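Just so it is clear, none of the values below were taken in a lab; they were calculated from the coordinates. This structure is a prediction, so every number in the text was calculated from the model and none was measured. Backbone-built Cβ (ideal geometry, glycine too); neighbour counts: all protein chains shown.
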Amino acid sequence: MNIIKYLTIFFLLCLLTRCTSEGNNHVKIFRVADFSDFHVYAGSTEGGKELTFATDSIRKATAYRFLGNLEEVSDLYKNDSFEFFGNKITYTYYDTKVQTTMKILSDYKFRNDTLYVHKSDGSDVLAAYGNSDRLYQTRGLCCYPVKDKNQLQIYIKEKSTFTLDSVMLHAGYKSIEDLKTGDTIAWCNLKYIFE
């Protein structure tokens, strides 16, 4: 009788272990903000010239000077997460419009290294880039002088990036040669990495 009892318990444990391992539950949380894609062009009599940085610490200090504390910007994503289980996902994020944490539980799909979460209305929401092992979100920040004023303007694009051409367009310059002495443009394409 004891043998049947132990075999039954053993069988149930094996069954439970198999069920939990088949769930493929993977949680991706925010790990680090990467701001290595930071660029600065300073104006001169010959037009704009890109600055180079001898060390990462100088790059970081220069980025802080133009764009503010980039670590504070990354705090926006510290509570975000992606929890995969089977063919479903729980996407937790901070909605800046309503200033509260939101959750979407739905189906998902990867298309061209982009994660889309399905909403109840049938539309897809771009959630992140990458794959189920490593995801990242992007945020573009740029800084440029306001014409005829002695101040800098900062412009931010969520889930997007900047190029030299797009920053020039925002700043109102036709070409890099239009950057004169004292004019400086800077931008950073931040990557928020989830692992």
Give me a comma-separated list of calculated 3J(HN,Hα) values for the range 88-98, in order, Karplus coefficients 6.51, -1.76, 1.60 applied at θ = phi - 60°, integers in Hz, x for any Gly or Pro.
10, 9, 10, 9, 10, 8, 9, 8, 5, 5, 9
Determine ³J(HN,Hα), in whole Hz, for all residues of the range 178-195 in sequence, where each value follows from phi through the Karplus function 6.51 cos²θ - 1.76 cosθ + 1.60 and θ = phi - 60°; x replaces Gly and Pro.
6, 6, 9, 3, x, 8, 9, 10, 9, 8, 9, 9, 6, 10, 9, 9, 10, 9
Taking placed amide H atoms and a strict 5 Å upper bound, the residues 5 or more places from residue 31 or on another chain that come that close are 193, 194, 195
Please list 78-84, 97-103, 172-178 highest first by mean number of surrounding beta-carbon atoms within 10 Å per residue.
78-84, 172-178, 97-103
Can you compute the modelled spin-label distance between residue 32 and residue 152, with each label point 7 Å from Cα toward Cβ, in nm?
2.5
Cα-centred dipole magnitude for the range 66-156, charges only on beta-carbon of K, R (+1) and D, E (-1), debye, nearest 20
180
Listed by chain and number, the residues whose amide H is under 5 Å from that of residue 183, excluding neighbours fewer than 5 places away on the same chain and using placed H, are 43
Taking amide H positions as placed 1.01 Å from N in the peptide plane, with prolines and chain starts having none, which residues 5 or more places from residue 128, or on another chain, fall under 5 Å of its amide H?
115
I need the shape label for the range 64-195. Rule: rounded when a/c is under 1.5, else prolate if a/b > b/c, else oblate, with a, b, c from the alpha carbon gyration tensor.
prolate
Mean-position separation - Cα centroids, the range 91-161 and the range 25-55, in angstrom:
19
Apply the Karplus parameterisation 6.51 cos²θ - 1.76 cosθ + 1.60, with θ equal to phi minus 60°, to every residue of the range 41-57 and state each ³J(HN,Hα) to the nearest whole Hz, in sequence, with x for glycine and proline.
10, 10, x, 8, 5, 9, x, x, 10, 6, 7, 10, 10, 6, 9, 5, 5
